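Comments concern the structure below.
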Amino acid sequence: MLEEKLGELEQKIAYTFRDKRLLRQALTHSSCANERKINKSEDYERLEFLGDAVLELVSSDYIYREHADMSEGKMTKLRSALVCEPALAFCAREIGLQQYIMLGKGEEATGGRDRDSIISDVMEAVIGAVYLDSGIEEARDFVHRFVLSDLENKQLFYDAKTILQEEVQKRNRGALCYELVREEGPEHDKTFTVEAYIGGVRVGSGAGHSKKAAEQKAAYEALLHMDQGVGRP
């Protein structure tokens with residue numbers, strides 16, 4: 001069953017590991033390793049460390065080449081936005097990576113599979129695994145396809161709250177505010193639903209495991225509606 005799941009993920013990412021142990025390790029959370037009483041080095045943490053460095057190098061190289069006139073400060077800010085925890089989790093969810101993570105029963109029960117911190121760590125671990133399996137070129141290809149692709153849309157999502165605030169001020173459309181309308185689930189795994197309002201008119205809604213994430217999604221929806229001419233106050 002595990003081999004089938006690994007093969008399924010390999011098809012999704014269009015990469016076949018020569019050393020399957022690397023992929024298994026990249027997907028193994030410490031809680032699972034502890035429950036199975038396997039060596040601590042068999043969880044994803046060491047691969048995450050390596051993948052983080054590879055991701056920083058590849059994204060820095062990309063930004064440097066693609067933005068010849070951008071200052072060092074702006075390049076640093078852009079790189080931070082592209083490889084931060086929510087951004088990586090967003091990219092990982094696009095390929096359904098969270099469903100392949102191997103968690104311990106306790107971590108699973110407390111919502112670990114949907115936690116941005118874990119999903120983003122596993123994304124970095126997979127990058128590290130690809131690097132060890134085939135080298136920097138394959139790792140670079142993976143990062144370009146699954147992290148640095150469709151950047152215009154992703155940046156809109158990552159910076160949605162800031163961009164929306166700027167648009168509201170630019171167009172003088174009234175005050176922007178966010179309203180928490182619902183909290184669901186147990187204390188350790190809550191889902192928050194937030195609505196965005198401009199000048200008292202509802203323009204977007206979003207849900208997430210934190211109020212900040214919910215606000216970000218609500219702002220993103222509002223921006224999409226603005227572009228389409230929908231929900232204008």
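The values are calculated or read from the model by the stated rules, or taken from the named source; none is laboratory data. Just so we're clear, the structure is a prediction, and the values are computed from it rather than from any experiment. Positions of Cβ are backbone-derived with ideal geometry, glycine not excepted, and every protein chain shown enters the neighbour counts.
Structure summary
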item: Selection count, segment 116-137, where residues are surrounded by 19 or more Cβ atoms within 10 Å (Cβ to Cβ) and under 16 Å from residue 210 (Cβ atoms); result: 4
item: Residue 203 vs. criteria modelled with pLDDT of 90 or more and over 19 Å from residue 88 (Cβ atoms); result: yes
item: Scope segment 133-158; condition at pLDDT 95 or above and in a loop (DSSP other than H, G, I, E, B); matching residues; result: 135
item: Positions within segment 166-181 being in contact (Cβ under 8 Å) with a residue 24 or more places away in the chain, exposed (fewer than 13 other Cβ atoms within 10 Å of the Cβ) and touching a strand residue (DSSP E or B) at 6+ places or on another chain (Cβ under 7 Å), in sequence order; result: 180
item: Residue check, residue 107 in the same structural domain as residue 77 (by TED's automatic domain parsing), out of contact with any strand residue (DSSP E or B) (no Cβ under 8 Å at 6 or more places or on another chain), among the acidic types (Asp, Glu) and in a helix (DSSP H, G or I); result: yes
item: Residues satisfying the stated conditions in segment 145-163, i.e. touching a residue at least 40 places away in the same chain (Cβ under 8 Å) and among the polar types (S, T, N, Q); result: 155
item: Test: residue in segment 98-115 that is touching a residue at least 60 places away in the same chain (Cβ under 8 Å), within 13 Å of the chain's Cα centre (by Cα) and closer than 22 Å to residue 144 by Cβ; result: no
item: Segment 133-168, residues that are among the small types (Gly, Ala, Ser) and over 24 Å from residue 217 (Cα atoms); result: 134, 135, 139
item: Residue in segment 42-51 that is closer than 21 Å to residue 8 by Cβ, hydrophobic (A, V, I, L, M, F, W, C), assigned to a strand (DSSP E or B) and under 20 Å from the mean Cα position of the chain (by Cα) present; result: no
item: The lone exception for residue 75 - which of (1) buried (at least 19 other Cβ atoms within 10 Å of the Cβ); (2) farther than 18 Å from residue 131 by Cβ; (3) among the aliphatic types (A, V, I, L, M) it fails; result: (1)
item: Lone unmet requirement of (1) under 23 Å from residue 140 (Cα atoms); (2) surrounded by 19 or more Cβ atoms within 10 Å (Cβ to Cβ) for residue 66; result: (2)
item: Test for residue 92: is it crowded, with 16+ Cβ neighbours inside 10 Å, more than 17 Å from the chain's Cα centre (by Cα) and assigned to a helix (DSSP H, G or I); result: no
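To keep it simple, each residue is scored yes or no on (1) among the basic types (Lys, Arg); (2) surrounded by 15 or more Cβ atoms within 10 Å (Cβ to Cβ); (3) free of Cβ contacts under 8 Å to residues at least 60 places away in the same chain.
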residue: 4; (1), (2), (3): no, no, yes
residue: 21; (1), (2), (3): yes, no, yes
residue: 26; (1), (2), (3): no, yes, no
residue: 29; (1), (2), (3): no, yes, no
residue: 42; (1), (2), (3): no, yes, yes
residue: 82; (1), (2), (3): no, yes, no
